[in-house]
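Enquirer: Supplied in C-alpha cells, the structure appears directly below.
The values are calculated or read from the model by the stated rules, or taken from the named source; none is laboratory data. Keep in mind the model is a prediction, meaning the values are calculated, not measured. Using ideal geometry, Cβ is built from the backbone for each residue, glycine included, and neighbour counts are taken over all protein chains shown.
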C-alpha cells in the first residue's frame, strides 16, 4: 500500500463541525457503545464527516472526531490513513470514480475503462478542470464475476465496456442517476444468458437391445 497523506494546507478547510442533523446522528451512534468504548464509533463518524465534506476527509474533520470521541488525534489519523475508504484529497463534486485494477478486471478489459477515465476526467488522483470528476485506482472491489467494474460513491457499475462507462459518466455529468449494477442484461451476478445448471434436459432412453 502506498503512503497516504493529508491534503496540503492550501486545500484544507479552516474548520469543520457536524451539521445539527449529523451531530444528532453521531451522538446516537456513540451511544451504541458502553462507557469507555466510545472510540468504537470512530469509523462511522469519520465516514459521515467525509460525506458531509463533499466526499473527502480533511484534517479538521479528523481532529473534530478525535475530540468528540476523547481520542488522541494521532489515533484517529491512523484510522483515516489506514483505510482506503477514507479519501484524504479533494475529489470531484459530481463523482469520484474508483477504478478496479486487480487481475480479474484487467483480464476482462479494465484497461479500456482506465483509458476512458484518462480521456474524460484527466490524470489519476487529480480533480478535473471543471471540478466535477476525479478517479483513482483501487484494489479488488469484490465483484470479480462482474468484471470490469468501478465504484462511484456507494454504488458499483459492473460488466462495463468503454462505451457503457462513457454513458454512465455522461449521465452523471447531466445530473442524472444512472442505474448501478450490471450494465448488461443479467441479474446481479447470475450467469450471463440465464441458468445453465439444474435444467430439465431430456435424456436418451437406454436401448432395449
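Enquirer: If the Cβ limit is 8 Å and pairs must be 6+ apart or interchain, which residue in segment 19-30 that is within 14 Å of residue 50 (Cα to Cα) and not assigned by TED's automatic domain parsing to the domain that holds residue 68 pairs with which residue that is surrounded by 13 or more Cβ atoms within 10 Å (Cβ to Cβ) and at pLDDT below 95?
Expert: Nothing qualifies.
Enquirer: Here is a list of conditions, (1) surrounded by 16 or more Cβ atoms within 10 Å (Cβ to Cβ); (2) more than 14 Å from the chain's Cα centre (by Cα), and residue 189 meets all of them except one; can you say which number that is?
Expert: Just one mismatch for residue 189, condition (1).
Enquirer: Spot the failing condition for residue 141; the list is (1) in a loop (DSSP other than H, G, I, E, B); (2) in contact with a strand residue (DSSP E or B) (Cβ under 6 Å, 6 or more places away or on another chain); (3) under 23 Å from residue 62 (Cβ atoms), and only one is missed.
Expert: Going through (1) in a loop (DSSP other than H, G, I, E, B); (2) in contact with a strand residue (DSSP E or B) (Cβ under 6 Å, 6 or more places away or on another chain); (3) under 23 Å from residue 62 (Cβ atoms) one by one, residue 141 breaks only (3).
Enquirer: Right, something else. Does segment 142-152 hold any residues that are over 17 Å from residue 168 (Cβ atoms) and either surrounded by 15 or more Cβ atoms within 10 Å (Cβ to Cβ) or touching a residue at least 12 places away in the same chain (Cβ under 8 Å) (or both), and which are they? Break it down stepwise before answering.
Expert: Our first condition is that a residue be over 17 Å from residue 168 (Cβ atoms); within segment 142-152, this holds for 142, 144-145.
Those that are over 17 Å from residue 168 (Cβ atoms) and either surrounded by 15 or more Cβ atoms within 10 Å (Cβ to Cβ) or touching a residue at least 12 places away in the same chain (Cβ under 8 Å) (or both): 144, 145.
Enquirer: So in segment 127-136, with the set limited to residues that are assigned to a strand (DSSP E or B) and in contact with a helix residue (DSSP H, G or I) (Cβ under 8 Å, 6 or more places away or on another chain), which one is surrounded by the fewest Cβ atoms within 10 Å (Cβ to Cβ)? I'd like the intermediate steps shown before the answer.
Expert: Just the residues of segment 127-136 that are assigned to a strand (DSSP E or B), to begin with: 133-136.
Within this subset, residues satisfying the condition of being in contact with a helix residue (DSSP H, G or I) (Cβ under 8 Å, 6 or more places away or on another chain) are 133, 135.
Numbers: 133: 24, 135: 29.
Per the criteria, the residue is 133.
Enquirer: With the checklist (1) surrounded by 15 or more Cβ atoms within 10 Å (Cβ to Cβ); (2) touching a residue at least 40 places away in the same chain (Cβ under 8 Å) in hand, flag the one item residue 79 doesn't pass.
Expert: (2)
Enquirer: Here are some residues: 139, 124, 163. Which one is closer than 18 Å to residue 184 by Cα and exposed (fewer than 15 other Cβ atoms within 10 Å of the Cβ)? Give the derivation first.
Expert: Values: 139 fails: closer than 18 Å to residue 184 by Cα; 124 fails: closer than 18 Å to residue 184 by Cα.
Answer to the check: 163.
Enquirer: Among the listed residues 35, 51, which satisfies the condition of being closer than 25 Å to residue 97 by Cα and surrounded by fewer than 20 Cβ atoms within 10 Å (Cβ to Cβ)? Can you show your working first?
Expert: Details: 35 fails: closer than 25 Å to residue 97 by Cα.
Only one candidate passes the filter, namely 51.
Enquirer: A further question on this structure: Need a quick list: helices (runs of 4 or more DSSP H) entirely within segment 28-110 having at least 3 residues that are touching a helix residue (DSSP H, G or I) at 6+ places or on another chain (Cβ under 6 Å).
Expert: Numbers: elements: 42-52, 59-69, 73-82, 103-107.
Fully inside segment 28-110 and qualifying: 42-52, 59-69, 73-82.
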